[in-house]
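In what follows, a single structure is set out as structure tokens and then discussed.
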Amino acid sequence: MLCSLLFLTILFLACINLSWNFFIPITCKAQTNEKAVALSFDDGPAAWTNQILDTLKQYNVPATFFCIGKNISGNEQTLIRINAEGHLIGNHSYSHHFWFDMLSSQKMLADMQLMSKEAVAITGLEPLLFRPPYGVMNPNLARAIKKGQFMPISWSIRSFDTTIKDKQKLLSRIITKVKPGDIILLHDSMEITATILPELIQQLMSKGYKIGRLDKMLNINAYA
């Protein structure tokens, strides 16, 4: 009984700690001593994506947008803009359904491929980079990723911008943790993220960090 409980505990922790690489190798940061980091935004295109794009353009900073396929409809021009201004488009599933992690491997893959189909229809680009919804991995998703030939990408700094309401607390959480090669998780669905982004960029730069494109930092291909 104790062994079974221990096994289930380890299995659960492996699902939510992607850096363990328990089910599949997943990239959480770049292995570098260079003071370089990458910004990534999940859950768009969303209400604050264009304001975030304005800020990135102002500071000439690239980013990766892990988009939800169902959010593309009605936001096609935003997706086009993301690509046109030199940012990367990643796959964050089509549905981002609450029960996504309970789906079969086949249904997960179909969902992921539907997001890719939406991206291709609008931009002509088929994303290879995939970020699991809710940052959860399991055996079914690992099989879907392998079969779909996606490249799983996680993060090394989780900002918690979806829950933190204090701007300075949010900035401090990121800035005090940052190290060379970090991939920073943010959300373009959150107003606070759009608000603190200029200061976040300024503080990173003042610490000597270069904010680069994820594919260049990792030396990978972002599209099929």
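No value in this document is a laboratory result; all are computed from the given coordinates. Please read all numbers here as calculations on a predicted model, not as lab measurements. Here the Cβ positions follow ideal geometry from the backbone for every residue, glycine too, while neighbour counts run over all protein chains shown.
In the set (1) assigned to a helix (DSSP H, G or I); (2) surrounded by 15 or more Cβ atoms within 10 Å (Cβ to Cβ), H96 fails one condition alone, (1). Each residue in segment 57-78 was checked for being touching a helix residue (DSSP H, G or I) at 6+ places or on another chain (Cβ under 8 Å), within 22 Å of M217 (Cα to Cα) and part of a helix (DSSP H, G or I), and 2 pass. Determine whether segment 45-60 contains at least one residue that is over 27 Å from E191 (Cβ atoms) and among the polar types (S, T, N, Q). Within segment 45-60 (the criterion being over 27 Å from E191 (Cβ atoms) and among the polar types (S, T, N, Q)), the answer is no, since none of the residues qualifies. Selection within segment 196-224: residues that are of a type in the set (V, I, T) and out of contact with any Phe, Trp or Tyr (no Cβ under 9 Å at 6 or more places or on another chain). The member of this set that is surrounded by the most Cβ atoms within 10 Å (Cβ to Cβ) is I196.
Among the residues of segment 125-177, the ones that are surrounded by fewer than 17 Cβ atoms within 10 Å (Cβ to Cβ), touching a residue at least 40 places away in the same chain (Cβ under 8 Å) and either farther than 12 Å from I26 by Cα or hydrophobic (A, V, I, L, M, F, W, C) (or both) come to 6 in all.
Looking only at residues in segment 174-195 that are in a helix (DSSP H, G or I) and over 18 Å from the mean Cα position of the chain (by Cα), which one is nearest to F66 (Cα to Cα)?
To start, the set of residues in segment 174-195 that are in a helix (DSSP H, G or I) comprises 174-175, 191-195.
Now narrow it down to the ones that are over 18 Å from the mean Cα position of the chain (by Cα): 175, 195.
On the way: I175: 22, T195: 20 Å.
Top of the filtered list is T195.
Please enumerate the residues belonging to segment 27-52 that are aliphatic (A, V, I, L, M) and either more than 15 Å from I192 (Cα to Cα) or in contact with a Lys or Arg (Cβ under 6 Å, 6 or more places away or on another chain) (or both). Answer for segment 27-52, where residues must be aliphatic (A, V, I, L, M) and either more than 15 Å from I192 (Cα to Cα) or in contact with a Lys or Arg (Cβ under 6 Å, 6 or more places away or on another chain) (or both): A30, A36, V37, A38, L39.
Quick one: is Q31 closer than 15 Å to W155 by Cα, more than 16 Å from the chain's Cα centre (by Cα) and exposed (fewer than 15 other Cβ atoms within 10 Å of the Cβ)? Give the steps one after another, and end with the answer.
Details: closer than 15 Å to W155 by Cα: yes; more than 16 Å from the chain's Cα centre (by Cα): yes; exposed (fewer than 15 other Cβ atoms within 10 Å of the Cβ): yes.
Yes: the conditions hold for Q31.
Any idea which residue in segment 206-224 is farthest from G44 (Cα to Cα), counting only those that are free of Cβ contacts under 8 Å to residues at least 12 places away in the same chain and part of a helix (DSSP H, G or I)?
S206
Any residue in segment 189-206 that is of a type in the set (D, E, K, R) and closer than 22 Å to E126 by Cα? No: zero hits.
Taken over segment 178-205, the criterion of being farther than 27 Å from N33 by Cβ and touching a residue at least 40 places away in the same chain (Cβ under 8 Å) is satisfied by H187, D188, S189, M190, E191, T193, A194, P198.
For segment 150-169, check the following and say yes or no: at least one residue is in contact with a Phe, Trp or Tyr (Cβ under 8 Å, 6 or more places away or on another chain), in a helix (DSSP H, G or I) and of a type outside the set (D, E). No, because not a single residue in segment 150-169 is in contact with a Phe, Trp or Tyr (Cβ under 8 Å, 6 or more places away or on another chain), in a helix (DSSP H, G or I) and of a type outside the set (D, E).
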